[in-house]
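The values are calculated or read from the model by the stated rules, or taken from the named source; none is laboratory data. Everything numeric in this text was worked out from a predicted model, so none of it was measured. Note: ideal-geometry Cβ built from the backbone for every residue, glycine included; neighbour counts use all protein chains shown. Surface accessibility is based on the protein's heavy atoms, side chains included, excluding ligands, DNA and RNA. Shrake-Rupley method; radii C 1.70, N 1.55, O 1.52, S 1.80 Å.
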Amino acid sequence: MKILAIDTTETACSAALLDGDETLEHFKLTPRRHTEYLLPMLDALLAEAQTSLTEVDGLGFAKGPGSFTGVRIASAAIQGIAVAVDLPIAPVSSLLALAQGAARRYQADHALVALDARMQEVYWAACEQDCNGLMQLPGEEVVCRPDDIPIPASGGWHGIGSGWGQYGKILQSRLDGALQKIHPDEQIHAQDVARLAKQVLLAGQGVSVEHALPVYLRHPVAENPSQSS
Amino acid sequence: MRVLGVETSCDETGIAIYDDQGLLAHEVYSQTKIHADYGGVVPELASRDHVRKLAPMARQLLQQHHISQSDIDGLAYTAGPGLAGALLVGAAFTRSLAWAWRKPAIGIHHMEGHLLAPMLEAESPDFPFIALLVSGGHTQLIQVKAIGQYELLGESVDDAAGEAFDKTAKLLGLGYPGGPELARLAQSGDPNRFQFPRPMTDRPGLDFSFSGLKTFALTTWRTEQSPTANLQQLKADIARAFEDAVIDTLLIKCRRALQQTHCQRLVMAGGVSANQRLRVSITDMLDSMQGQAYYPRTDLCTDNGAMIAYAGWHHLKTGKQESLAFNIQPRWPLA
C-alpha cells in the first residue's frame, strides 16, 4: 500500500510517501512559504521513488488544529489531488502526528501535545501509543488557556510541540512530576501523518473530498452578532 | 484548448470550463447569507466556506459534463487581488489538481478577469477599448490595448463605487448587501428633491472619490428627519440622489477617458455594472458619441469562474505557465 501525505500546519512544510514500511520524506522549515515548496516536494518525492500518482492507494493530510491558513492549504491541496485521481483521503490530527513523531524519535509512548494557538491559548491533546506502535487519542483535542489544560492521572509523559516553548513554565507547574521529557521544538512530519493515515485507510475509513476538511477547534474570531444579541 | 477556471478571491466560489467553442459550463456559489449578519464579508468565514464548497463543486461540474483529465488542457485560478485566505484555497486546490493531472496552470489577476468578461458574449468588443471596472472593491478606468496590455487611467482615491453603495445602504438601514437594495429603492425616489455633488468632476483627471457622497447621504438623512417626515420616501429620495450622483460621476469620467484616448468602445464590468440605470445611461452616452458599450451578462458581472477560465485560456494559449511553486498576491495592481 502506497500513501502520499502532506503537512502545512505550522512553520514546516513536508511531504512523504509511505510504501509498505518504507518512508521517503521531504521536510523544510518554511514559515509562510508553504505554497512555494509543497508541489515541488511532492513532485520530487514521486520522481525519487520512481512511481506516479496512479500507483498511490491513498492520501493523508494534517487536518489541524493549527494555523487556519496552514491547514486550509493542506486540505485544499489534497482535495485537488483527490479530484484528479479519485483516491480516498485520511484526514489526520496534527496533534496526533506530532505525538507519532515523538514515538518515532524518542520512543515516547505517552505524549502531551501542546501547539501554540496564539491568543494566550494552546491546542492540547493527550496521546497514547497502542500495541501497533501508533499513537491514539483516548480523549478529546481542546483549545484552552495553558492554566486550564486537563491534568492526566498517570505519569511518564513527553511534552511535545511549540506550546511547550511558549508556555513551558505554566504547563510544567500544572503537570508537576508527571513529565518525563519536553520537546518544544518538535515539528509535524508528513511521514508520521502517512503512518497514521495508513491505519485509517486500511480500516476503510478514508473519506472523499467533501469530508477532507480542516479542524480548527477555535471558532472564527467574529461571533455571530445575530446570535449574541 | 480547454481551460478549467477557479475563482475564490472574496465571497463567491466560482468554477467554469471555457474552450475554443466558448463557455462550456459555469457554476457560482455565493456566500452572501453567511456574511449578512455581519454587514460585510468576514475573511475567516469566507475562507472556511471556500474550502468546504470548492472541491465538491469541481467534482460535480466535471462529472456533469463528463470531463476528465484528457479533456482539460490547462487550469487557471485567481491569484489576486483579494482576501489572502480565500485566494489560497483556490490556488492550492487548482495548482494541486493541475499537478496531479500534469497540466499547465496559471494565476490570473481578478480584475483582468472582470475586464475580459464582456468578451464572453456573442457581441464582444475589439481592441482597443476603455474598461470601467466598478465593484465593491474597485473603481477603475483602464485603457485596454490588447490582452495583457493595460494602462490605468484613473481610479477611486477612497471608497469603491460598490462600497459606497453598500455603506450608504447600511446607514439608511437597508439589508446586506445593500447596494442592489439601494438601487431598488432609488426607483421610487424623487430625482428632484435632493442634489448631491459630483465629486472630483470640477477638475481635470480621471480619478474618483465616493466616500464624500456617503457622508452627504448621512447628513441629509439626519437633517431631513422630522416627526412628520415620510421616512420611507425620504430614504428613497436619498437613494435616488445618491445613485444619480454616482452614475453621473462615472459617466463624466468615462466620457473624458474616451475623448482623451480617442476611443469609441467602452466595456463596463464588475458587480456594480449589473445596475440597470447605470447600463442604460452608459449605453445612451455611447450612442450619443457614435460609440458602443459592452457588458457581460448579469451573472458574469459579479465574481465568477468563467472570466478566470477565459483569461486563463488567453494566457495559456501563448504557452505561459507557472512553475510548481505558486503564490497569491492579495494586493496586486493590474496596471
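Rounded to the nearest 500, the 222 nm mean residue ellipticity of the protein assembly as shown from helices alone is -12000 deg cm²/dmol, with -39,500 (n - 2.57) taken per DSSP H run of at least 4 residues.
Compute the separation of the alpha-carbon centres of region B:157-199 and region A:19-62 and state it in Å as a whole number. With region B:157-199 and region A:19-62 each reduced to a Cα centre, they are spaced 52 Å. The alpha carbon radius of gyration of region B:126-295, expressed as a multiple of 2.2 N^0.38 Å, is 1.05. To the nearest ten degrees, helix B:161-171 and the longest principal axis of the Cα atoms of chain B are 50 degrees apart. Computed packing ranks the peptides A:206-216, A:145-155 as A:206-216, A:145-155, most packed first, by mean other Cβ atoms within 10 Å. For the pair A:Ala49 and A:Ser173, label points projected 7 Å from Cα toward Cβ lie 4.7 nm apart. Spacing of the modelled spin labels on B:Arg193 and A:Asp148, each 7 Å from Cα toward Cβ, amounts to 5.1 nm. Of the listed residues A:Ile78, B:Ile252, the order by accessible area with a 1.4 Å probe, largest first, is B:Ile252, A:Ile78. Under the convention that each Lys and Arg Cβ holds +1 and each Asp and Glu Cβ holds -1, the size of the dipole of chain B around its Cα centre is about 300 debye. For the protein assembly as shown, a simple Cβ point-charge model (Lys and Arg +1, Asp and Glu -1, everything else neutral) yields a dipole of about 900 debye relative to the Cα centre.
Computed from Cα positions, the angle between helix B:276-288 and the longest principal axis of chain B comes to roughly 90 degrees. Computed from the C-beta positions of B:Arg331 and A:Ala203, the FRET efficiency with R₀ = 51 Å rounds to 0.65.
What separates the Cα centres of region B:37-51 and region B:215-272 is a distance of 28 Å. Taking a ≥ b ≥ c as the square roots of the eigenvalues of the Cα gyration tensor, region A:65-180 is oblate, since a/c reaches 1.5 or more and a/b is not larger than b/c. Remark: spin-label model distance B:Gln292-B:Glu322 equals 3.5 nm, labels positioned 7 Å along the Cα→Cβ axis.
For peptide B:15-28, compute the average count of partner chain beta-carbon atoms within 10 Å of each residue's beta-carbon.
Details: counts 0, 0, 0, 0, 0, 0, 0, 0, 0, 0, 0, 0, 0, 0.
Going residue by residue through B:15-28 and averaging, the value is 0.
So, taking all protein chains as they sit and a 1.4 Å probe, how much accessible area belongs to B:Lys170, in Å² rounded to tens? My reading of the accessible area for B:Lys170 is about 130 Å².
Here the contact order of region A:52-114, divided by its residue count and restricted to Cα pairs under 8 Å and six or more residues apart, works out to 35 percent.
Our summary gives chain A a relative contact order of 24 percent, counting only alpha carbon pairs under 8 angstrom and 6 or more residues apart. Each Lys and Arg Cβ is given +1 and each Asp and Glu Cβ -1; about its Cα centre, region A:95-183 then shows a dipole of about 340 debye.
Angle, helix A:34-48 long axis vs. longest principal axis of chain A, Cα atoms, 0 to 90°, nearest 10? Relative to chain A, helix A:34-48 is tipped by roughly 50 degrees.
Each of A:Ala197, A:Thr30, B:Gly205 was scored by the projection of its Cα onto the charge dipole of the protein assembly as shown, and the greatest displacement toward the positive side belongs to B:Gly205; charges sit on the C-beta of Lys, Arg, Asp and Glu. Peptide A:27-39 shows a mean partner chain C-beta count of 3 within 10 Å per residue C-beta.
In chain B, taking the dipole from charged Cβ atoms about the Cα centre, the farthest positive-side position among B:Val144, B:Phe326, B:Asn230 is held by B:Phe326. Per residue, the average separation of C-alpha pairs within less than 8 Å and at least 6 apart gives region A:95-183 a relative contact order of 29 percent.
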